[in-house]
């Protein structure tokens, strides 16, 4: 009986050991589910108001922070006593962005501004989706941007933004450079017009390999050309309560055009309600955007939401402008 009990104990122990070894081997051989996934940290640091208007407002010089979508707008705002800060969280991978724009410097018809950006993974505990759909990339990205605008005459401005980026992790580091350029024409009346050229240069990319490690690289940024207009009502009011913005974008290398529209309504002098839509008819892609803004004489607070997944992004962003 003792021998039989001993054999049974040995057999059970061997069975358990075999199961544990099998599970261990299976865990070691199970491939990383996101192997080969490639991502691109957001190279363009857009302000919250522009995000909520589907980036169609690059012909609207009403907001200081709109220089993020068209550097020529800096020539109209002359906000030498304003600071802009924004924060961004991509719910798909918990990649966050923070940027700070210093007050602009104006000398005659020339205006210049420095902007700093920082990207980092984290804040997964406050992801409104509960958890991210993708793993957090192991990287840090630092950016410095110089925006310059030349006020050609009272209703016409041209501008250029140059962005230098440095990305790194424990295994690699990359430095990239990008240029955006734009112009804006704002004659007396309700309508202003603009054109923007984006994406001249390179940006950072990352990829996950079989063991979950993040490797870094660079890529050529897709070049695009945008033409748009903004309409403000009432025409002769310095504080319009309705602004409509429309734009067409040609992304080189893609067929067809992107169509953008943005609507801003101000039911009160301190409150702005915003929405926008990006639409590509070739594959019926819709990207809705929503936002809200609060404004006082010395402070502006903007919030924007892009709830639909598009190009591995689903995100929200906030912006704060301080006038002093």
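Readers should treat all values here as calculations from the given coordinates under stated rules, not as data from a laboratory. In this text, all values refer to a predicted model and were calculated from it rather than measured experimentally. For neighbour counting, all protein chains shown are included, and Cβ atoms are generated from backbone atoms with ideal geometry for every residue, glycine included.
FRET efficiency for the pair residue 320 and residue 241, taken as 1/(1 + (r/R0)^6) with r the Cβ-Cβ distance and R0 = 22 Å, rounds to 0.45.
Mind sorting out which of [x] 1.04; [y] 1.15; [z] 0.96 is the real Rg/Rh (Cα atoms, Kirkwood Rh) computed from the coordinates? Computing Rg/Rh (Cα atoms, Kirkwood Rh) and matching it to [x] 1.04; [y] 1.15; [z] 0.96 gives [y]. Build a GNM of the chain with springs between Cα atoms under 10 Å apart, and of 106, 285, 175 the one that fluctuates most is 285. Seen against the Cα atoms of the chain and their longest principal axis, helix 2-29 is set at about 30 degrees.
Hey, in the GNM for the chain with a 10 angstrom Cα cutoff, which one of 169, 180, 248 fluctuates hardest? With Cα springs under 10 Å in the chain, the top fluctuation among 169, 180, 248 is at 169.
Treating r as the C-beta distance of residue 177 and residue 85 and R0 as 22 Å, the FRET efficiency rounds to 0.35.
Each part reduced to its alpha carbon centroid, the stretch 181-211 and the stretch 264-312 end up 18 Å apart.
Springs between Cα atoms under 10 Å define the GNM used for the chain, and in it the highest mean-square fluctuation of 271, 53, 183 occurs at 271. Cβ-Cβ distance of residue 282 and residue 100, R₀ of 30 Å, FRET efficiency by 1/(1 + (r/R0)^6): the value works out to about 0.20.
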